[in-house]
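All remarks here apply to the structure that follows.
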Amino acid sequence: MITRLETWWSVGVDSFAEDGGYDAAEVPRELCWYVTSSITDIKALDEAEGWAYGYGSPQLRVDAGRVHMALAWRLEVNRESWAAVRGLDPRAAVRHDFAEHIARELIGLPSVCETDAVMTARYATGHGTVHRSWTWQDRHPDARSNGPSTHLPVVPDQSHRKTPS
């Protein structure tokens, strides 16, 4: 089974620097390196012997104290292996679970989880394209009214908006 996962990130430079102990100037490079190198360490992907191939050049810029990053992968896994690892019926549509699980694991990476990171993912499910955003509040459901402001990343073909939390 093959799918593509495209992600757009908005992460506060100070937030990632404080959480990871980095100098602010190092944040864009370290954040990009951390996310791209961590995808193949996702437990379910590893257990199902799947793989993630980066494609395109990562887009990276800093604007108004936030790192804006676009990363994309081609994800591959054996359908039956993925279903077994995730406890799913292999005859059911599992592509949606595959792409969404990988995206959710990325935004939940330890060095990202406690930051003000927001990620929007776009992936194909076999029944159309899904766009989904994850915020600090999604990673901390017991603290929905607390947390940093949400700055959604700019996604091509969608309007950019900022929503207060």
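Working note: Karplus 6.51/-1.76/1.60 with θ = phi - 60° gives the stretch 116-125 the couplings 8, 4, 10, 10, 10, 10, 10, 8, 8, 10 Hz, where Gly and Pro are set to x. Solvent-accessible surface of the stretch 38-106, averaged per residue with a 1.4 angstrom probe and all protein chains in place: 53 square angstrom. Between amide H atoms placed 1.01 Å from N, distances below 5 Å from ARG4 occur with LEU75, ALA124, all of them 5 or more places distant or on a separate chain.
The stretch between SER81 and TRP51 holds 9.6 nm of extra length on full extension. This uses 0.36 nm per residue minus the Cα-Cα distance. The shape of the stretch 1-107 can be summarised by an equivalent ellipsoid whose semi-axes, obtained from the alpha carbon gyration tensor, come to 30, 13, 11 Å from longest to shortest. Across the accessible surface of the stretch 30-87, with the other protein chains kept in place and a 1.4 Å probe, carbon and sulfur atoms take up 46 percent. The alpha carbon gyration tensor of the stretch 53-113 gives principal lengths a ≥ b ≥ c with a/c of 1.5 or higher and a/b greater than b/c, which makes the shape prolate. Label-to-label distance for LEU88 and ASP41 is 2.5 nm, based on points extended 7 Å past Cα in the beta-carbon direction.
The relative contact order of the stretch 40-139 comes to 19 percent, based on Cα pairs under 8 Å that sit 6 or more residues apart.
The values are calculated or read from the model by the stated rules, or taken from the named source; none is laboratory data. In this text the structure is predicted, and so the values were computed from the model without any measurement. All Cβ positions, even for glycine, are placed from backbone atoms using ideal geometry, and neighbour counts span all protein chains on display. Surface accessibility is based on the protein's heavy atoms, side chains included, excluding ligands, DNA and RNA. Shrake-Rupley method; radii C 1.70, N 1.55, O 1.52, S 1.80 Å.
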